[in-house]
Amino acid sequence: MALFSQTRQRVFQALLWKCHMFWPVSRCQQLFAASFSIPNREKINYFSFITSSSAALPVDPQKCGVLTTKKRPEMDCEEEKRWDEESKEIPEGKLHFSSSVGAAKKWSMGQVGSRNKFMNIQPPEKPLQAEEWNKLRENFQSPEIFEEVMFNSMIRCNSHIDVAKSLLTHMAERNGDVAYNMLVKYLTLCVQQGQVSEICDVYDIMKVRFKILEIGAYNLLIKGLSNSDRWRMALTILEEAKKTMIPSRTSYESCMKAASRHKEMKLAFELYHEMLAKNVVPTLDVLQSFFDFSRGMKGAELQKKLFGILLYLRENQIYPHKTFMQSIKQWFESIPGGNWRGHLTTIKDSGQCPVCNHQLEDSDLTEEEYNSLSERIIRDVIHGTDTFRKTTPQEFEAFQTFVENRLPFDIVIDGLNVSHIKPRKMQCENLFDAINCLAKENVRLLVLGRKHMLSNSSSWKTEIMKEMQSKADFFFAENISEDDPFLLYATLRSGKHCKFVTRDFLRDHKACLSDRLTRHLFRKWQRGHQIVLFTSGEGRRINFLPAFRYDCVVQTTGDTWHIPYKEVFEEKYSYQVPRKWLCIQKK
């Protein structure tokens, strides 16, 4: 007796014919699982459920095959979020590459919003037959996005791979094809579960069906393979991606870590220098991995390259977090015959290291460097950018005259910026506290303000403003004006001794400088001249950390290395310099 109806057999044969057209059968057999039992006498390669995966998160058996809106326990969705981020670059017009269905269908914003309503959908626990999927789809509130919502749910719940296969089979039987983005979602689940053979299957299918893959698919393929014994295949896919795009940081770093794990450090460093040449910025995580995987390894060339990473940290004013610092320390101390020893310390205000007594580099620029930087900032940042979109030439000329008639100042303050330091206090009181704190040093202060500060209001009291103006010079710009060009100009024109106060990071202005040397000088000048403002006493008091006399960057004499580090990983801004250092000496 036949095991399935002739009608069903014809449908499946039609699907198989289309699969033969686009996909290699040897690979499709594992990807498209169909719940059919085909007699051996039939001379057609039918698919069957085959999987190497047997692990899935538990699902309530009573909910098997049922879509529910009941709230599930909160799950860790970090992996899903990462894959979603990597897949965001799929062009909408390329979400469906069906050769038979025609042009891709773009989703409206309403449909995007609809997906978000189904975050609590529970996927089936077991593979379903086509009829069962059809029934679920028909009963679904938005059938047109049923498959996408279901796949998202499978990724979130880490469903068994066979369940995903049965849905793909259902889609192929119903539509005669499977959309590109559905293959990417299936690939996401495979990568999430480390299903290496399935990842290879999907790759073989995609490279035959589609001439070009987008960056999200490449990221997933490389990520999944680089963590396996097929890691060299990830390198091949990276080379393929280079033909049409600059690979992502994720792809580069996955390959670099794979090479490092297998002690192929030369290859890992080649990829590292390649990504730098393409202006792809590495993460601290991958930089740390170089030191971790190189621990105890010999070789002058390897040592030179790792020193190069430390110089990269110096050049870009990057401060490693504590665990990264510990990896650096352990690597130094593991160098065979190196006799390096590391100690954690705090540098004295004078700039002297209490461990080795070495004097750190001065934060001051030479006269020549200062003059060059001042000219470049005035030319490239103040006059060469969009400064006059937020001020007028007339206003800035009036400010220049104001400054020239009152030079020099000792400290220039971004008044509006400082006034927001304590949100629960009046802005004028915050600024008043800051001025009083700085005026104790008997210095000349210039405060950059806005004209609305002169209007008596709940935030700006006239009597307080008058008292502040007796202690500092004020320049009031238009309310729409940008403060930074005024701040930079007044500080630089006042001379090398002049400091400035702002909680701004000045990154945009640093980026406007055209060459590497000038950007380096700007960072060094900023580190030595930006006074850090912070609150203490549970936010009741304003305090300032004076600018360092020594330069707070990685530095070396050959026999010593001094590396500033942060206690925890956090985004680093130009003026936020650490207080803790790693001193490494060669005994």
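The values are calculated or read from the model by the stated rules, or taken from the named source; none is laboratory data. Predicted model only: the values in this text are computed from it and were never measured. Cβ placement follows ideal geometry from the backbone for every residue including glycine, while neighbour counts extend to all protein chains displayed. Please note that ligands, DNA and RNA were not included when accessible areas were found on the heavy atoms of the full protein model with its side chains. Shrake-Rupley method; radii C 1.70, N 1.55, O 1.52, S 1.80 Å.
At a glance:
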| read-out | value |
| --- | --- |
| About the Cα centre, charge dipole magnitude for the range 131-180 (Lys/Arg +1, Asp/Glu -1 at Cβ), debye | 160 |
| Residues with amide H under 5 Å from that of K499, placed H, sequence gap 5 or more | I411, V412 |
| Base-10 log of normalised Debye intensity for the range 126-224 (one unit scatterer per alpha-carbon) at q = 0.14, 0.19 Å⁻¹ | -0.51, -0.93 |
| Ordering of 123-129, 460-466 by burial proxy (mean other Cβ atoms within 10 Å per residue, highest first) | 123-129, 460-466 |
| Ranked order, E198, E270 - accessible area, probe 1.4 Å, largest first | E270, E198 |
| Total charge dipole magnitude, the range 412-545, about the Cα centre, Cβ charges on Lys, Arg, Asp, Glu only, Debye to nearest 20 | 480 |
| Anisotropy class of the range 204-272 from Cα gyration tensor, a/c 1.5 cut | prolate |
| Whole-Hz couplings from phi, Karplus 6.51/-1.76/1.60, listed for the range 242-249; x for Gly and Pro | 4, 5, 10, 7, 8, x, 6, 4 |
| Residue-by-residue Karplus 3J(HN,Hα) for the range 431-441, coefficients 6.51, -1.76, 1.60, Hz, glycine and proline x | 5, 4, 4, 5, 5, 4, 5, 7, 5, 4, 7 |
| Dipole-positive endmost among S419, G449, P408 within the range 378-461 (Cβ charges, Cα centre) | S419 |
| Order by protection proxy (mean Cβ within 10 Å, highest first), peptides 546-558, 272-284 | 546-558, 272-284 |
| Phi-based couplings in Hz for the range 412-428 (Karplus 6.51, -1.76, 1.60; Gly and Pro marked x) | 10, 10, 7, x, 5, 5, 5, 5, 9, 4, 10, x, 7, 10, 4, 4, 5 |
| Mean Cβ count within 10 Å, highest first, over the residues of peptides 327-337, 222-232, 401-411 | 222-232, 327-337, 401-411 |
| Solvent-accessible surface ranking, highest first, for R379, R523, R424 at 1.4 angstrom | R424, R379, R523 |
| Probe 1.4 Å, all protein chains present, accessible-area order of E368, E132, largest first | E368, E132 |
| Full-extension gain in nm, E567 to D349, via 0.36 nm per residue minus C-alpha separation | 76.5 nm |
| Residues with amide H under 5 Å from that of K471, placed H, sequence gap 5 or more | none |
| Calculated log₁₀ intensity ratio I(q)/I(0) where the Debye formula runs over C-alpha points of the range 299-355, q = 0.28 Å⁻¹ | -1.24 |
| Heavy atoms of I413 accessible to a 1.4 Å probe, total area in Å² rounded to 10 | 0 |
| Accessible area of the range 233-272 belonging to carbon and sulfur atoms, whole % at 1.4 Å probe | 54 |
